[in-house]
Amino acid sequence: MRFLLTDEQREFGRSLDALLTAADTPAVLRAWAAGDHGPGRALWGRLADAGVFALAVPEAYGGVGPLPVEAAVACVELGRHAVPGPVAETLAAGVLLAGAGGPVAEEWLPGIASGAAVVSLTLEGYGPYAPDADAADAVFTVTGDELRLAPGPGEPSASADPARRLFRPEPGGAPVAKGPAIRAAARAAGDTAAFATAALALGCGEELLRATVAYVKQRTQFGVPVGSFQAVKHRLADTLLGLEFARPLLYGAAVELASEVSRPGAGAGAGSAEGSSGAGAAVAAAKVAAGEAGYAAARTALQLHGAIGYTEELDLAWWLRRARPLRDVWGTPSACRARVLAG
C-alpha cells in the first residue's frame, strides 16, 4: 500500500502554507479571541477559495469530496498556523448533512463548500459544547436519530484556548431531519471531526517543535546555545519521534476513510456514514497518537522557552494553549484507546 503523498497533494499543502504565512494568523487569532471575527471570516473565505471546505462536501452539493487524504493535508497546515474557527466541526458537518440528505443538505452544503457558511455542531457521546458557536452561521445538534438546528449559540463556558470559545447550544429547535440515517451520519461525522482534529493537533505540534528548535539555537547559556546541551537534544528528539510516529497513523486513517467511501455501493453521504465504523479504530489510533504528540510538543516548548513561554506577548502562547484542547476534544486519549482495543 502506498502511503506517500502525490505531487499534487504536496503542492496543495505548500500552497496553503504560503497562503497562511502571508495571512499573519497571530493577529487573526488575537482578533478572534477578542470577539472580532472579521479577519477570521476573511481568512476562512480565502481557505474556501483554495478548496479546503469543499473536501468534505460531495460533488452533488458543490463540493469535491469526500477526500480524506487531502483533508488531512489541509488540516495539518491549518493546525501549523493555528487557524481560528470551527474547522473540524465544519468539515464534520459536511459529512453529517450529506448523510442526512434532503432540504437541510441542499440548504447548507453549498455554503459550507464555498466558505459562505461557518458551522459548529455537537454530537451525542462527544460532550455538550459547540466550539465557536458565536461565530457560526448554524449550530447543529444530534440527539438519537434527530438532527436539529439550535435556535442560538447559548451561554459561553470557560476554555483553555481563548481563541476557541465553548458554548452549550440553546435547547429546542425543530428537527430538520430524523430517522436511522441520522445515526449513521452522526457516526461518520464523529469520525471526521476526530480525524480532522488529529491533523490539527499534528500541525500544532510541528509548529511548536519548529519554534522551539529555532529558539534553543539562539538562546545562550554559559556562552553556548542551549540547543547544544545533550538533555535539550534528547527532549527535542523525543518530541520529533512522537510527531513522526503519529504522521503515518493519520494518513493510514485517511486511506481507511477513503476506502470506505470508495467501496462499491457506498454513497456520498449515507454510504460513507454506514461504513465509517470500519475506519473508526484507525481514526481513534491517529487521534490519540497525534493528540498526545502535540501536547508533548507543547510541554517541551514551554519548558525550553522558560519563563518567556508564559507571556501573552509571545505568539507561541496561542499554540501552547491550543495543544491540550485538541488532544481532548472529539475523543479523549482514554476513549480513543478503548476504541482501538475494541477494534
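Stretching THR6 away from SER157 to a fully extended chain increases their span by 50.2 nm, per 0.36 nm per residue minus the current alpha-carbon distance. Scanning residues 5 or more positions from LEU166 or on other chains, those with amide H under 5 Å from its amide H are ASP132, SER157, with H placed 1.01 Å from N in the peptide plane.
Stretching VAL213 away from GLU312 to a fully extended chain increases their span by 33.6 nm, per 0.36 nm per residue minus the current alpha-carbon distance. Taking amide H atoms as placed 1.01 Å from N in the peptide plane, the amide H of LEU121 lies under 5 Å from those of PHE140, each 5 or more residues away in sequence or on another chain. Candidate values (i) 68, 46, 36; (ii) 62, 47, 42; (iii) 85, 44, 44 were compared with Cα extents along the principal axes in Å computed on the shown model; the agreeing label is (i). When the helices of the chain are scored as -39500 (n - 2.57) per DSSP H run of n ≥ 4 and the total is divided over every residue, the value at 222 nm lands at -20500 deg cm²/dmol. Principal-axis analysis of the Cα atoms of the chain puts helix 7-21 at an angle of about 70° to the longest axis.
Working note: Karplus 6.51/-1.76/1.60 with θ = phi - 60° gives the range 68-79 the couplings x, 5, 5, 5, 5, 4, 5, 5, 4, 5, 5, x Hz, where Gly and Pro are set to x. If R0 is taken as 22 Å, the Cβ-Cβ distance between GLN221 and LEU241 corresponds to a FRET efficiency of 0.30.
When both the range 190-218 and the range 289-322 are represented by their alpha-carbon centers, they are found 10 Å apart. With θ taken as phi - 60° and the Karplus curve 6.51 cos²θ - 1.76 cosθ + 1.60 applied, the whole-hertz 3J(HN,Hα) list for the range 101-114 is x, x, x, 5, 5, 5, 6, 9, 5, x, x, 5, 5, 7 Hz, x standing for glycine and proline. Note that the range 332-343 has calculated 3J(HN,Hα) couplings of 5, x, 5, 5, 5, 5, 4, 5, 5, 5, 6, x Hz, one per residue in order, obtained from phi through the Karplus relation 6.51 cos²θ - 1.76 cosθ + 1.60 (θ = phi - 60°); glycine and proline are x.
Extension gain, THR143 to ALA342: 0.36 nm times the residue separation minus the Cα-Cα distance gives 69.3 nm. Using a cutoff of 8 angstrom between alpha carbon atoms and counting only pairs six or more residues apart, the relative contact order for the chain works out to 18 percent.
Close amide-amide hydrogen proximity is noted between VAL176 and LEU147, ARG148, LEU149, each under 5 Å apart and 5 or more residues distant or on a separate chain (H modeled in the peptide plane; Pro and chain starts excluded). The antiparallel fraction among DSSP beta bridges confined to the chain stands at about 70%.
Three principal axis extents describe the C-alpha atoms of the range 182-342; from largest down they are 66, 28, 25 Å. Between the alpha-carbon centers of the range 329-343 and the range 82-99, tell me the distance in whole angstrom. So the separation of the two Cα centres works out to 21 Å.
Laboratory data are not the source of any read-out in this text; all were calculated from the coordinates shown. Keep in mind the model is a prediction, meaning the values are calculated, not measured. When we count neighbours, we look across all protein chains shown, and the Cβ atoms used for this are built from the backbone with ideal geometry, even at glycine.
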